[in-house]
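Some notes on the structure that comes next.
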Amino acid sequence: MSKRPAESSEKEPETLKSGDRPMQLDEDEVGEFEDEYEDEFESEEDEIFEAGVDGRPDEEREAEERQDAMDVDQGTFIPGRHKLSAGETLAPDLSTYEMLHTLDAPWPCLSCDIIKDNLGDSRKSYPATVYAVAGTQAARGREKENQIMVMKMSGLSRMEREQDEESDDDDETTDPILETKSIPMTSCTNRIRVHQSPQATSAKPPTTLTASMTESGQVLIHDITPHLTSFDTPGATITPQQSKPVCTIRAHKSAEGYGVDWSPLILEGKLITGDVEGKIFTTTRTQGGGFVTDTTPYTGHQGTIEELQWSPTERHVFASASSDGTVKVWDARSKSRKPAVSVQVSNTDANVLSWSHQTSHLLASGDDDGQWAVWDLRQWKPGANGANGTKPSPVASFNFHKEQITSVEWHPTDDSIVLVCAGDNTLTLWDLAVELDDEESRDTAGVQDVPPQLLFVHYMEQVKEAHWHPQIPGTAMATGGSGFGILKTISV
């Protein structure tokens with residue numbers, strides 16, 4: 001499946017082939033040491049010793065340093081296009097990040113989601129704190145080691161910079177701390193999503209639910225409210241009962257799936273889930289806190305449901321992406337359970353999609369061939385794939401990535417910024433507001449085949465999914481075969 005990495009987590013990681021440029025030493029950085037007092041030490045025979053700082057003549061020492069220094073490659077390293085030579089390694093250019101932290105996981109996680117907290121919106125101070133949830137993919141034969149990880153990541157400091165005029169005097173430099181609460185699972189989690197109901201009172205925290213689409217075909221809903229509360233309650237313990245699912249959805253039977261999403265507009269909680277047989281089911285949370293699944297599926301796809309997402313503005317509308325190459329838009333009230341609109345967006349699998357939070361008629365999709373595109377839903381009409389030439393075209397399309405697109409997400413407050421993850425081990429940031437006819441925008445420093453809308457390239461081994469933090473502007477969390485990454489670049 002498009003979302004699954006190599007089955008064995010013990011497989012050697014593939015050779016680094018993208019990210020930042022190789023580590024090099026600049027010969028100009030090896031400066032000459034100057035005697036502050038210009039002393040000349042003479043021997044009894046008035047002989048002057050011309051020795052360097054290590055007791056050897058400067059010329060001899062500098063010649064040896066030049067011989068040992070790395071060759072400097074002045075070319076530009078293009079992620080997914082170039083390969084490193086033997087002995088070369090990649091390291092991030094830390095000057096391009098405001099914050100960058102990596103954290104390990106017991107097993108790779110295919111999916112993660114960020115949890116909103118009560119620490120405030122539009123936070124810019126450091127150290128930062130992030131709450132999140134993720135589901136593991138243990139190796140074959142060790143499925144019982146799977147778990148849902150409820151996480152609190154604190155002490156996330158900004159990058160240290162000299163003479164940073166914008167730095168807050170209150171910011172502290174601390175070591176990052178990862179705290180986790182584990183919920184046992186017996187199957188791999190293909191996709192996990194979080195939903196929060198509003199607080200009933202100021203003294204009671206909001207109810208936080210997770211929905212995990214598993215490899216076994218079951219969808220498990222957990223109430224992780226006590227797990228989150230325990231992070232900030234000294235002496236708190238989690239009972240085994242609190243780690244059991246509050247609902248198990250069996251409508252998919254043994255068909256595993258990847259599509260799952262909570263409605264952002266139905267505060268009690270409404271869930272859509274899709275499987276490899278092309279069926280989509282809805283599950284609604286009742287006033288009493290129970291769950292009811294409509295066992296009549298929505299059908300129409302001829303392949304696996306790869307992604308599902310509710311409209312951010314229309315209560316009964318959702319979209320689906322499938323391995324049949326189509327994206328379909330549905331009205332959940334439809335008695336026929338058939339899509340309202342269907343568009344062939346790719347000749348390969350349509351892996352992922354994302355609905356713009358700011359401009360509701362914009363939808364982004366990502367495909368198995370590495371292409372991702374932006375669509376204007378106002379151009380999508382019933383029968384748009386007909387033979388009469390009415391098939392809509394994307395308003396923007398990019399084929400920079402040469403491997404499958406595994407995640408795409410619009411920035412929560414800026415409808416021109418899009419985050420993309422791909423199978424070439426990169427997470428890229430894009431600015432769609434860049435004008436193609438702008439002479440300055442066309443300048444890519446002489447590098448070929450780089451779209452001017454490309455803002456930033458971050459290397460992360462086997463990256464699978466990433467999300468913007470809704471309360472820390474410009475900060476994203478990513479998950480993949482190498483663990484988790486929390487980053488904020490200077491570009492966004």
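This model, with +1 at the C-beta of Lys and Arg and -1 at the C-beta of Asp and Glu, gives region 282-330 a dipole about its Cα centre of some 180 debye.
Note that region 369-383 has calculated 3J(HN,Hα) couplings of 8, x, 8, 10, 8, 10, 10, 9, 5, 5, 8, 8, 10, x, x Hz, one per residue in order, obtained from phi through the Karplus relation 6.51 cos²θ - 1.76 cosθ + 1.60 (θ = phi - 60°); glycine and proline are x. Note on residue 179 and residue 254: the extension gain reaches 23.6 nm, defined as 0.36 nm multiplied by sequence separation minus the Cα-Cα distance. All Cα-Cα distances of region 279-412, cut into 5 Å bins from zero to the largest, leave 2, 10, 19, 23, 20, 13, 7, 3, 1, 0, 0 percent in each bin in turn. As an exercise, identify the GluC sites (Glu not before Pro) in region 261-367 lying in DSSP coil whose Cβ has no more than 14 other Cβ atoms within 10 Å. Hits after loop and neighbour filter: 268, 314.
The string of couplings for region 91-104 from the Karplus curve (6.51, -1.76, 1.60, θ = phi - 60°) is 9, x, 7, 5, 6, 9, 10, 8, 8, 8, 9, 10, 9, 8 Hz, one whole number per residue in order, with x for Gly and Pro. For region 349-381, the residues whose backbone nitrogen is under 13 Å from a point 7 Å from the Cα of residue 334, taken along Cα to Cβ, are 381. The modelled label-to-label distance for the pair residue 229/residue 347, using points 7 Å beyond Cα in the direction of Cβ, is 5.6 nm. Solvent-accessible surface (1.4 Å probe) assigned to residue 250 amounts to roughly 150 Å². Using R0 = 35 Å, the C-beta based FRET efficiency linking residue 361 and residue 140 works out to 0.20.
Residues whose amide H comes within less than 5 Å of that of residue 469, counting only those at least five positions distant or on another chain, are 475, 476, 477 (H built at 1.01 Å from N in the peptide plane).
The values are calculated or read from the model by the stated rules, or taken from the named source; none is laboratory data. Because the structure is predicted, anything quoted here is derived from the model rather than measured. When we count neighbours, we look across all protein chains shown, and the Cβ atoms used for this are built from the backbone with ideal geometry, even at glycine. The area values use the complete protein model at the heavy-atom level, side chains included, leaving out ligands, DNA and RNA. Shrake-Rupley method; radii C 1.70, N 1.55, O 1.52, S 1.80 Å.
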